[in-house]
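First comes the structure, then the notes that go with it.
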Amino acid sequence: MSTRFTRRHATALALTAVTVAALQGVASPIAGASQPSPSDAAPVSAVGQVEDQTARAVAASLGDQRWRAQIRSAALASDQVDLSALTGRATAKAGQALKSTVAKGDQRIAAAKGLGADTGSLLRLRLAADSMRGALTAGTVPLVAAAGTDDNAETITAYDSRGRAHTLDARTTPDRPVYVVDIDVTKAMAAGLGVVDKELAKHGLSSAEVAEASEATAEATEGSRNRAAAAGFWTSRIDAVYLSNDEEPWVSGDAEIFSIVSGFGFDGKVRVDTVTMPYLDNDGTTYYPNQILVNWSSYKYNLADVVMMEDDGDTNYQALAKAIADILLTITDQGAYIPLVNAILDAIPTSWWTNDPDYVDSWYTLGQNSSGRLNGARGNGWMTISPYFVEQF
């Protein structure tokens with residue numbers, strides 16, 4: 001049975017970590033719980049801080065019985081509850097009081113991830129495991145925990161309605177229901193990759209402008225294959241993809257996978273394209289997406305590189321785009337293909353790294369005619385690809 005592919009498998013991008021303040025209060029004597037000590041505190045990111053603060057606030061609000069019932073109904077009806085929408089329609093005082101905390105949290109997360117103020121709500125609440133549904137339905141008051149990003153953590157801190165902190169085993173799902181405060185990574189990644197594409201376009205490394213310039217140059221070059229011909233263009237299609245199986249805490253939520261495809265455009269500049277892979281939910285599972293990975297009409301050479309990454313919740317897309325642009329602008333076409341995987345990975349400053357790597361795997365010098373199973377350089381996964389011609393009508 002596969003585990004969730006969530007908040008792990010990778011290297012990468014996060015804001016400078018800060019130290020969590022020592023948790024206050026005395027834990028109640030529930031099974032599997034104990035009082036955390038200051039030494040247990042682990043560094044967390046700006047996003048992690050917001051999640052933790054929101055978890056405390058949600059837990060405190062559960063003392064209101066009417067509001068607790070409203071949250072319970074929402075959590076049982078949906079895998080992921082929009083906290084902004086939920087507090088916005090709250091009729092109980094506790095829910096109404098929580099609204100401003102959630103709104104400020106959404107704003108802080110958007111800023112930490114390099115997203116625009118118009119991104120909207122990002123904070124979400126979910127029941128940690130289906131096995132908890134029975135106890136929650138029966139009226140057991142749940143604990144509330146932050147999703148966090150440290151998949152190597154041995155314990156999870158959760159809060160009760162009295163503000164007390166409980167330490168739970170990260171590898172053993174508790175019997176008592178636990179709400180998890182997380183962010184909508186799917187929404188954040190969609191907005192974030194838009195930021196990346198826009199930033200790279202500004203530097204002439206991506207976007208329609210580069211594609212149009214490449215096409216014009218290709219058509220003007222005698223003997224060129226003119227991959228952007230009106231009849232269509234060749235691509236590399238992912239027929240199947242598999243990522244390795246790793247254990248993760250029960251508190252972890254879904255992460256989102258994306259790939260950075262890079263090569264040289266006809267103008268001699270590096271070309272970068274981002275590809276979302278939202279179907280990669282489970283590790284240890286083979287997926288058959290039939291997804292276009294590389295559009296060869298964008299590239300001068302018959303070669304491109306692929307770096308697969310994961311948004312573990314902390315990814316700052318504005319910083320990612322700037323780092324990639326800064327280093328790739330220094331690389332020019334020397335008349336022969338130069339692999340770009342290492343340049344992209346080197347673009348990520350050490351100060352941004354977290355304990356949970358966001359680098360999933362990479363594929364060097366993928367060719368237009370490449371086909372069959374290709375193992376990742378990191379050994380964390382493989383893809384089966386095939387050439388695919390996209391006709392234009």
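Quick notes on this structure:
- Per-residue ³J(HN,Hα) for the stretch 97-110, Karplus 6.51 cos²θ - 1.76 cosθ + 1.60, θ = phi - 60°, Hz, x for Gly and Pro: 5, 6, 4, 5, 4, 5, 4, 5, x, 4, 5, 5, 5, 4
- Cross-link pairs 198/269; 93/187; 104/187; 300/322; 187/269; 93/113 - those with Cα-Cα distance over 20 Å: 93/187; 300/322; 187/269; 93/113
- Relative contact order for the stretch 243-323, counting Cα pairs under 8 Å that sit 6 or more residues apart, in percent: 39
- Computed FRET value (nearest 0.05) for residue 53 with residue 332, which takes r as the C-beta separation and R₀ as 41 Å: 0.30
- For the peptides 264-273, 384-393, the ranking by mean Cβ contacts within 10 Å, running from highest to lowest, is 264-273, 384-393.
- Here the calculated FRET efficiency for residue 186 and residue 231, from their Cβ-Cβ distance with R0 = 30 Å, stands at 0.25, rounded to the nearest 0.05.
- Temperature 25 °C, viscosity 0.890 mPa s: under these conditions the Stokes-Einstein estimate for the stretch 105-163, based on its Kirkwood radius over C-alpha pairs, is 173 µm² per second.
- Sorting 234, 382, 363 on solvent-accessible area from highest to lowest, probe radius 1.4 Å, gives 234, 382, 363.
- Förster-model FRET efficiency, 45 Å R0, residue 388 and residue 171, C-beta, rounded to 0.05: 0.60
- Working ranking of peptides 328-337, 53-62, 167-176 by packing, defined as the average number of other Cβ atoms within 10 Å per residue, highest first, is 53-62, 167-176, 328-337.
- Taken about its Cα centre, the stretch 92-141 carries a charge dipole of roughly 120 debye when the Cβ of each Lys and Arg holds +1 and the Cβ of each Asp and Glu holds -1.
- Ranked order, 322, 300 - accessible area, probe 1.4 Å, largest first: 322, 300
- Residues in the stretch 164-206 reached by a label modelled at residue 76 [backbone nitrogen below 14 Å; 7 Å Cα→Cβ]: 177
- Summarising the label geometry, the points placed 7 Å from Cα in the beta-carbon direction at residue 346 and residue 373 lie 3.3 nm from one another.
- A convex hull fitted to the Cα coordinates of the stretch 246-305 yields 105 cubic angstrom per residue.
The values are calculated or read from the model by the stated rules, or taken from the named source; none is laboratory data. Keep in mind the model is a prediction, meaning the values are calculated, not measured. Heads up, the Cβs are rebuilt from the backbone with ideal geometry, glycines too, and the neighbour counts pull from every protein chain shown. Ligands, DNA and RNA are excluded from the accessible area calculation, which covers all protein heavy atoms including side chains. Shrake-Rupley method; radii C 1.70, N 1.55, O 1.52, S 1.80 Å.
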